[in-house]
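Rule-based calculations on the coordinates, nothing more; no lab input. Just so it is clear, the structure is predicted and the values come from calculations on it, not from any experiment. When we count neighbours, we look across all protein chains shown, and the Cβ atoms used for this are built from the backbone with ideal geometry, even at glycine.
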Amino acid sequence: MRYAVMSDIHGNIVAFEQVLKSLAEHGVDRYLCLGDIVGYGARPNECCDLVRELDHVAVSGNHDLAASQPGLERWFTSAARASILWTRETLTSDNLDFLQSLAVTTSAGDARLCHASLTDTSTYVAWPEQAMESFGLMDGRLCFFGHTHYAEWFVQNQAGKLPEQLTAASGAVVRLEKGYRYMINPGAVGQPRDGDSRAAFAVYDDMASTVEIFRVEYDIASTQKQIVAAGLPSGMATRLSNGR
């Protein structure tokens, strides 16, 4: 089976639609969503609606949880807090119910799915040392995660050994080798932070044992106009231009 792997859509419907157009060309069978469908961006309902229309498996991100559970936004920066409060007021009841229904971890085929790590929805896995705890909780060879908005992966060839970290800001093919375990971040659809402003996603082929990370251009100016028109913090718009 060929799986689309997507994370951190963040209410950016323009990027999301462009990613789905690209995925249609790659011929995927099912969609894996690693959370943070909402937050930051100005089209949370449209993004939720689109995920719900897909044959998908999804987990909750920290912004999804904060949008559906008042009080969690206290841990956010002031700009992120303002965005999530606006998002909460904007979401339809159906989409609030959808976000509340998402598990924090789940499985699809032979892969584990989580938003930030296998321990919780907000612990960053940005360094090999931070990946160790999740590797210790894996019962298979593969875990997909997001949250950092960086396209990259960690590979471990021995239980308890510090994994190697490899980046894929411009795209890459990860070949899953026997005897190795992998934590793979497809990057962010809606708000990349790895220095590449293009939307990021991945395709996992479980028969070929490959995960390919892609980047695709989208109309950033259109998304920026939506954010400004909604009265959301301007920084959510300006940072899209440089992918930081």
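Worth pointing out:
- Candidates THR148, THR121, filtered to the one that is crowded, with 21+ Cβ neighbours inside 10 Å, of a type in the set (Val, Ile, Thr) and closer than 26 Å to VAL51 by Cα: THR121
- Cross-chain or 6+ apart pairs with Cβ under 9 Å, the stretch 60-85 first and closer than 14 Å to SER122 by Cα, then buried (at least 24 other Cβ atoms within 10 Å of the Cβ) and charged (D, E, K, R): SER60/ASP36; GLY61/ASP8; GLY61/ASP36; ASN62/ASP36; HIS63/ASP8; HIS63/ASP36; ASP64/ASP36
- Among the helices (runs of 4 or more DSSP H) confined to the stretch 1-110, the ones with at least 3 residues that are surrounded by fewer than 20 Cβ atoms within 10 Å (Cβ to Cβ) are located at 13-26, 44-53, 78-90, 93-101.
- All told, ARG43 meets the bar of being in contact (Cβ under 8 Å) with a residue 24 or more places away in the chain, touching a helix residue (DSSP H, G or I) at 6+ places or on another chain (Cβ under 9 Å), among the charged types (D, E, K, R) and closer than 22 Å to ALA237 by Cα.
- Screening VAL174 on (1) surrounded by 17 or more Cβ atoms within 10 Å (Cβ to Cβ); (2) touching a Lys or Arg at 6+ places or on another chain (Cβ under 9 Å) shows it passes everything except condition (2).
So that you can scan it fast, the table gives a plain yes or no per residue for (1) more than 30 Å from GLY140 (Cα to Cα); (2) surrounded by fewer than 20 Cβ atoms within 10 Å (Cβ to Cβ):
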site	(1), (2)
PRO186	no, no
ARG193	no, yes
VAL203	no, no
ASP206	no, yes
THR210	no, yes
THR223	yes, no
GLY231	yes, yes
MET236	yes, no
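- One residue stands out in the stretch 138-167 among those that are small (Gly, Ala, Ser) and touching a residue at least 60 places away in the same chain (Cβ under 8 Å): the one that is farthest from VAL203 (Cα to Cα), namely GLY146.
- Evaluating ASP139 against the criteria (1) farther than 14 Å from ILE184 by Cβ; (2) part of a loop (DSSP other than H, G, I, E, B); (3) touching a helix residue (DSSP H, G or I) at 6+ places or on another chain (Cβ under 9 Å) leaves one unmet condition, (3).
- Members of the stretch 233-244 that are touching a residue at least 60 places away in the same chain (Cβ under 8 Å) and more than 13 Å from ASN12 (Cα to Cα): PRO233, GLY235
- Residue list for the stretch 43-89, filter: among the β-branched types (Val, Ile, Thr) and more than 19 Å from ILE227 (Cβ to Cβ): VAL51, VAL57, VAL59
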